[in-house]
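A.B. asks: Mind looking over this structure? Questions follow.
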Amino acid sequence: MKQHGSTFKGRHFFTIPYVVWMAIFVVAPLILVVVYAFTSKSGQLTLDNFTRMGSFWAVFTRSILLALIATIICLLVGYPLACALAREGPRLQRIFLMLIMLPMWMNFLLRTYAWMTILENTGLINSILSLLGLPNISIINTQGAVVLGMIYNYLPFMVLPIYSVLVKIDSSVIEAAQDLGANSYQVFLKIILPLSLPGVLSGITMVFVPSVSTFVISRLLGGGKNMLLGDLIEMQFLGSAYNPHLGSAISLIMMIIIVVCMMVMNRFGEGEEQAVIL
Amino acid sequence: MSSTNKKNVFGRLLTAIVFIFLYFPIIVLVVFSFNDSKSRKVWSGFTFDWYKELFSNEIILNSFYITLMVAVISAIIATIAGTFAAVGFFNMKKRPRGILLAINNIPVMNADIITGVSMMLLFVSARTLLRFELGFGTLLIAHITFNIPYVILSVMPKLYQLDNNLFEAAQDLGASWMQAFVKVILPEIRPGIVNGLIIAFTMSLDDFIISYFTAGSQIQTLSMSIYSMARKKVSPEINALSTILFVSVLCLLIIINIREARQEKRARKNNLVG
């Protein structure tokens, strides 16, 4: 007589190919990064790669600062926008959501390239300004242009997770608070904000991580002058300053920055670390 | 309810401003893809020349082909592997599953550049040992690797929503594990699998950074050739390419939306009847 399992049970050996694959292509490469970071070209154990980091202090602070500014602006714009979206009727919500996602589906480089053409010294904005008889402004190759590029590319990553948390809030909870005499500020502070926190946290990480590690935006919109961490790493692996050992050390530090950020976030979220996956 | 109206006005205004911000650059690209001169500020007449040039540009066409191949193959392989892995995870003891899921999340949460750089290190160190060159193979491996986690994350929730009675019923009626799995479980989790496939495909299409580090110098994806073109000199073919991509994505999204709206309507009707 065959044994009848009462419930569906997965077959654990199904995971074996996946585990082997991830061990080779996810875990092993990260171990290699650590190994490279602590060795020299001749293969000897060294801390030189880290002591050299001091000369890149400006790049580190600039990267973190610009990514922080972009994240804060995305939050300040994205939260009210997500609230506004969640309040619309189902039809409009669907259309607006589609409109927010549409640019995301276009190639990321094309979106950045578009801003290049607009911000250039001889670009659209300046030709409009001279048409109006106003003095030209130089935006391209400034830190402002880099932040603009970050906001443009990553704003949807802030809006969508917050929105998906907001629409799930049970309206009866809000009504109950109103019935108990809460005004709209109290309702927002005591109910909507805490309930939407997981979305906010995943939005912040989804904007901050790509912003702090980008090299495309800084290269295309920031010129050569506004180097970020991403540029620094890229140069060590594919650029003129070929030195994978130093590049690995910078990568390792960047990973630590990201992990620390996420831990702070999780502390805020009190264990609600479940990322909102779209 | 004047206060809600006021809020709505503010919300609408904000929405409008953000949409203008999001679409202004795209509209500029589209308009100037029809511009007769290379200039990007002066309109000098309507032309289709850039589209003609785009379709005779070997580099772009070739890289588009590679992008599409990598996206299709890696999405299919990642979907199969991810679905099997998710089924394997399911019912696993909490501890090992937690560890595996944490590793699964690494490529999702990590910065793309670190994923790319670390895999490049692996390929470069293994290159001399196993005698291969960075190229289509390494590119494909990289894409499969960052796609599998998304498939797992979209299949897992469907497994947890399974109705246990269905599987039990199938087995009581004499189905083997495999038969019950194929006939009962697979159809139930199909939406998650399809969703994973779509996410994997779009992730792969849109990727630049990981491809940039793992593709080597012999082949280019579309993003890579756009990057090198944008860095050198601006060519209006890119505008034409953007327009084509934009219109195709727009059509795709409209079709998906109409289908969803119809399905919802039908579901609502069924609910009313039932």
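A.B. asks: Determine the share of chain A's accessible area contributed by carbon and sulfur atoms, expressed in whole percent, with a 1.4 angstrom probe.
C.D. replies: On the way: 8950 of 13130 Å².
Carbon plus sulfur share of accessible area: 68 percent.
A.B. asks: Tell me the chymotrypsin sites (Phe, Trp or Tyr not before Pro) within segment B:84-151 that lie in a loop according to DSSP and have at most 15 other beta-carbon atoms within 10 Å.
C.D. replies: Details: sites: B:PHE84, B:PHE89, B:PHE90, B:PHE123, B:PHE132, B:PHE136, B:PHE146, B:TYR150; in loops: B:PHE90, B:PHE132.
Answer in residue order: B:PHE132.
A.B. asks: For segment B:206-239, which trypsin sites (Lys or Arg not before Pro) are in a loop by DSSP, counting at most 16 other Cβ atoms within 10 Å?
C.D. replies: Here the trypsin sites (Lys or Arg not before Pro) that fit, given the DSSP loop and packing criteria, are B:LYS232, B:LYS233.
A.B. asks: So which trypsin sites (Lys or Arg not before Pro) in segment A:182-256 are both in a DSSP loop and have at most 16 other Cβ atoms within 10 Å of their Cβ?
C.D. replies: Details: sites: A:LYS190, A:ARG219, A:LYS225; in loops: A:LYS225.
Those satisfying the criteria are A:LYS225.
A.B. asks: Any residues in segment A:221-266 that have 30 Å² or more less accessible area with all protein chains than in their chain alone, probe 1.4 Å, and which are they?
C.D. replies: In segment A:221-266, residues shielded by partner chains: A:GLU234, A:PHE237, A:LEU238, A:MET255, A:MET262.
A.B. asks: In square angstrom and rounded to 100, what buried accessible area do you get between chains A and B, total over both, with the probe at 1.4 Å? Working shown, then result.
C.D. replies: Details: alone 17500 and 18420 Å², together 27360 Å².
Buried: approximately 8600 Å² between B and A.
A.B. asks: At 18 angstrom or more along the helix axis (alpha-carbon based) and mean Kyte-Doolittle of -1.0 or higher, what helices does chain A contain? Whole DSSP H runs only.
C.D. replies: On the way: long enough: A:57-87 (45 Å, 1.81); A:90-105 (22 Å, 1.01); A:143-166 (33 Å, 1.40); A:193-213 (30 Å, 1.51); A:244-269 (36 Å, 1.70).
For chain A, where a helix must reach 18 Å along its axis and average at least -1.0, the hits are A:57-87, A:90-105, A:143-166, A:193-213, A:244-269.
A.B. asks: Binning at 20 angstrom from zero up to the longest distance, how are the C-alpha pair distances of the protein assembly as shown distributed in percent?
C.D. replies: Percent of Cα pairs in each bin: 18, 52, 27, 3, 0.
A.B. asks: Any idea what the alpha-carbon Rg over 2.2 N^0.38 Å comes to for segment A:47-269? It would help to have the intermediate numbers written out before the result.
C.D. replies: Details: Rg = 20.8 Å, N = 223, 2.2 N^0.38 = 17.2 Å.
Here the Cα radius of gyration is 1.21 times the empirical estimate.
A.B. asks: Using a 7 Å offset from the Cα along the Cα-to-Cβ direction at both A:ARG11 and A:MET101, what is the distance between the two label points in nm, to one decimal?
C.D. replies: Result: 3.4 nm between the two label points.
A.B. asks: Apply the membrane-span-like helix rule to chain B: whole DSSP H runs, Cα extent along the own long axis of at least 30 Å, mean Kyte-Doolittle hydropathy at least -1.0. List the helices found. Write out the running numbers ahead of the final one.
C.D. replies: Values: long enough: B:2-32 (44 Å, 1.43); B:58-89 (45 Å, 1.88); B:136-160 (36 Å, 1.28); B:237-273 (54 Å, 0.46).
For chain B, where a helix must reach 30 Å along its axis and average at least -1.0, the hits are B:2-32, B:58-89, B:136-160, B:237-273.
A.B. asks: Continuing with this model, one more query. Among the listed pairs B:LYS94/B:LYS269; B:LYS93/B:LYS265; A:LYS41/B:LYS94; A:LYS190/B:LYS94; A:LYS41/A:LYS225, which have their C-alpha atoms separated by more than 31 angstrom in this model? Don't skip to the end; give the middle numbers.
C.D. replies: Values: B:LYS94/B:LYS269 41 Å; B:LYS93/B:LYS265 41 Å; A:LYS41/B:LYS94 43 Å; A:LYS190/B:LYS94 34 Å; A:LYS41/A:LYS225 29 Å.
With Cα atoms farther than 31 Å apart: B:LYS94/B:LYS269; B:LYS93/B:LYS265; A:LYS41/B:LYS94; A:LYS190/B:LYS94.
A.B. asks: If the only charges are +1 at each Lys and Arg Cβ and -1 at each Asp and Glu Cβ, what is the size of the charge dipole of segment B:59-243 around the Cα centre, to the nearest 20 debye? Display every interim value, and only then the final one.
C.D. replies: Values: 12 positive and 9 negative charges, 89 e Å.
Charge dipole, segment B:59-243, about its Cα centre: 420 debye, nearest 20.
A.B. asks: What is the local net charge at B:ALA71, summed over the other residues whose Cβ is closer than 13 Å to its Cβ (Lys, Arg +1; Asp, Glu -1)? Please report the intermediate quantities before stating the final value.
C.D. replies: Numbers: positive: none; negative: B:ASP206, B:ASP207.
Net charge around B:ALA71: -2.
A.B. asks: What number in nm² do you get for chain B if you take the convex hull of its Cα atoms and divide its surface by four?
C.D. replies: On the way: hull surface 93.8 nm².
Over every viewing direction, the Cα hull of chain B projects on average to 23.5 nm².
A.B. asks: Let me ask something else about it. What does the charge count around B:GLY196 come to, taking other residues whose C-beta lies under 12 Å from its C-beta (Lys +1, Arg +1, Asp -1, Glu -1)?
C.D. replies: Details: positive: B:LYS158, B:ARG190; negative: none.
Net charge around B:GLY196: +2.
A.B. asks: By the scheme Lys and Arg +1, Asp and Glu -1, what is the net charge of all other residues having a beta-carbon under 15 Å from that of B:THR115? If you can, show how the numbers build up before the last one.
C.D. replies: On the way: positive: none; negative: A:GLU234, B:ASP112, B:ASP206, B:ASP207.
Taking every other residue near B:THR115 into account, the sum is -4.
A.B. asks: Report the extension gain between B:SER176 and B:LYS265 in nm, rounded to one decimal, defined as 0.36 nm multiplied by the number of residues separating them, less their alpha carbon distance. Display every interim value, and only then the final one.
C.D. replies: Values: separation 89, 0.36 × 89 = 32.04 nm, distance 3.78 nm.
Between B:SER176 and B:LYS265, full extension yields 28.3 nm more.
The values are calculated or read from the model by the stated rules, or taken from the named source; none is laboratory data. Predicted model only: the values in this text are computed from it and were never measured. Glycine gets a Cβ as well: all are built from the backbone with ideal geometry, and neighbour counts include every protein chain shown. SASA here: full protein model, heavy atoms, side chains in, ligands and nucleic acids out. Shrake-Rupley method; radii C 1.70, N 1.55, O 1.52, S 1.80 Å.
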